[in-house]
1. Arrange 61, 313, 167 by Cβ neighbour counts within 10 Å, fewest through most, would you?
2. Running a GNM on the chain with Cα contacts under 10 Å, which residue among 183, 14, 204 ends up with the highest mean-square fluctuation?
3. Express in nm, to one decimal, how much length is gained between residue 287 and residue 257 on full extension, taking 0.36 nm for each residue of separation and deducting their alpha carbon distance.
4. Grab the beta carbon distance between residue 228 and residue 265, set R0 = 51 Å, and tell me the FRET efficiency rounded to 0.05.
5. For a Förster distance of 41 Å, can you work out the FRET efficiency between the beta-carbons of residue 211 and residue 272, rounded to the nearest 0.05?
6. Round to the nearest 10 and give me the degree value, 0 to 90, for the angle of helix 49-62's Cα axis relative to the longest principal axis of the chain.
7. Per DSSP H run of at least 4 residues, take -39500 (n - 2.57); add these up for the chain, divide by its residues and hand me the 222 nm value, nearest 500 deg cm²/dmol.
8. Please identify, among 121, 28, 151, the residue showing maximal mean-square fluctuation in a Gaussian network model of the chain using a 10 angstrom Cα cutoff.
Ligand SMILES: *Cc1c(COP(=O)(O)O)cnc(C)c1O
């Protein structure tokens, strides 16, 4: 592959740019067929039969005991944190999508940023205890790019200090650890079913939780806290998944396994193409963790590779390949959080290095092998002029 000549016409003139993902789209006739049931029932939302059916299917797929569906992942996490009755400070990662931190803020919880581990890019369990104060009530980890946090270590820390453990599992749909569903770890986990996620309902999400008594509470919070026609017992919000989302979800769920298989082949091709490039590494979990196949992520070691990650990004962009820099800027650097003492860049060196060196590349089952090769050629050629060692 090293000798593949760059194709100056890639992607062909006038062709659309190559996005980092494409949503799974079921056959339109199948969707129409499913919607016919909704039309017949004349029932569009409020825990209808389609949402109830999808709730069971997703619970079984994720292999978790308790699950509730939501209109999106952010509201799910917002409600999940609310349901635990947390106060004070929550120790979390700065290397994440803004929603993770924003839902703390919306719950009047103060984020306390903890640096991440250089290999997995998840919260550094070894540094969590140093951030614990008498105000700490929980740890909020993110299984970033499908890499699980240090689950047992975090559980042990939480037990020792009486803290709740919450996971943003938006990147980890279907991930298993030693054959166990990732949603069974911690007190609760959030999954996102946004269109850019592997399994999606256009917009949507779910919470999974350990304590069965949380389900009625969470379900009340997702429906304004309305218990009966005459009783409102909690300050709830509107987090309900509607029937159209639920029909779409049932169809998309049947496509997930074959998409994951197809993405596995695409990932293999990327790996073969990039394996021998000094200063590049592909971020992927290994045994006993199954790959969620949601993202294709590389990390560029500027010193060894020869040019910074930003240059690889620009080279791809200029050729119509819409790589993304997840997650830059760090959420600890945006104005609403940058004044927090724990947001000081010198306290988060690994996260800052990740933000400036990690790149997400196009990744979906129908991505043609030749396109993967061409993308990898652009990546390799972006270090043109750097002498080979
Ligand atoms: C997608 C995502 C969310 C938000 O989920 P929505 O369903 O879009 O609200 C939260 N956290 C992470 C890490 C995500 O990738």
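1. Working: 61 16, 313 21, 167 28.
Ascending Cβ contact count within 10 Å gives the list 61, 313, 167.
2. 14
3. Details: separation 30, 0.36 × 30 = 10.80 nm, distance 1.89 nm.
Full-extension gain reported as 8.9 nm.
4. That gives a FRET efficiency of 0.45.
5. Values: r = 45 Å, r/R0 = 1.10.
Given R0 = 41 Å and the Cβ-Cβ separation, E is 0.35.
6. 50 degrees
7. On the way: 13 runs with 137 residues, N = 389.
Result for the chain, helices only: -10500 deg cm²/dmol.
8. Result for the chain, Cα springs under 10 Å: 28 fluctuates most.
FYI, it's all coordinate maths here, none of it is from the lab. Keep in mind it's a predicted model, so treat the numbers as computed, not measured. FYI the Cβ positions are ideal-geometry reconstructions off the backbone, even for glycines, and counts take in every protein chain you see.
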